[in-house]
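**Student:** This is the structure I have questions about; it appears just below.
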Amino acid sequence: MAVGSSMLATIRSVPPQWQHVLTSMLKTRLGEMRTLATGVSDLKLVLGNVRTRGVLGEAQLPADVEAAPMGGDADADIEDERDDGP
């Protein structure tokens, strides 16, 4: 919290009537920055979990397709019938 203590040292050099206002603003902004950092950490966790679930899902998909009761008619190597261009 070096930034906060540096700002508090600067605040002590201003006239007393402004000290209360600046201290209050500093505490508010530092609290907002802490909240934002927590939100970013939460977002990283969520996005990391989505990626992990996607990778695991892709790995599990072939086994699920094989286990699905389709009577042996399904082929795992289906060709794309779209035209690749002119």
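Values in this text are rule-based calculations from the coordinates and carry no lab data. No experiment lies behind these values; they were computed from the predicted model shown. Backbone-built Cβ (ideal geometry, glycine too); neighbour counts: all protein chains shown.
**Student:** Between Ser5 and Thr52, take the C-beta separation as r, use R0 = 30 Å, and let me know the FRET efficiency to the nearest 0.05.
**Tutor:** On the way: r = 39 Å, r/R0 = 1.31.
FRET efficiency, Ser5 to Thr52: 0.15.
**Student:** Using θ = phi - 60° and the Karplus curve 6.51 cos²θ - 1.76 cosθ + 1.60, what whole-Hz ³J(HN,Hα) does each residue of the range 33-43 get, with Gly and Pro shown as x?
**Tutor:** Karplus values, whole Hz, x for Gly and Pro: 5, 5, 4, 4, 4, 5, x, 5, 4, 4, 5.
**Student:** Efficiency by 1/(1 + (r/R0)^6): what FRET value for Arg29 and Ala59, r their Cβ-Cβ distance, R0 = 41 Å, to the nearest 0.05?
**Tutor:** Numbers: r = 45 Å, r/R0 = 1.10.
After rounding, the FRET efficiency stands at 0.35.
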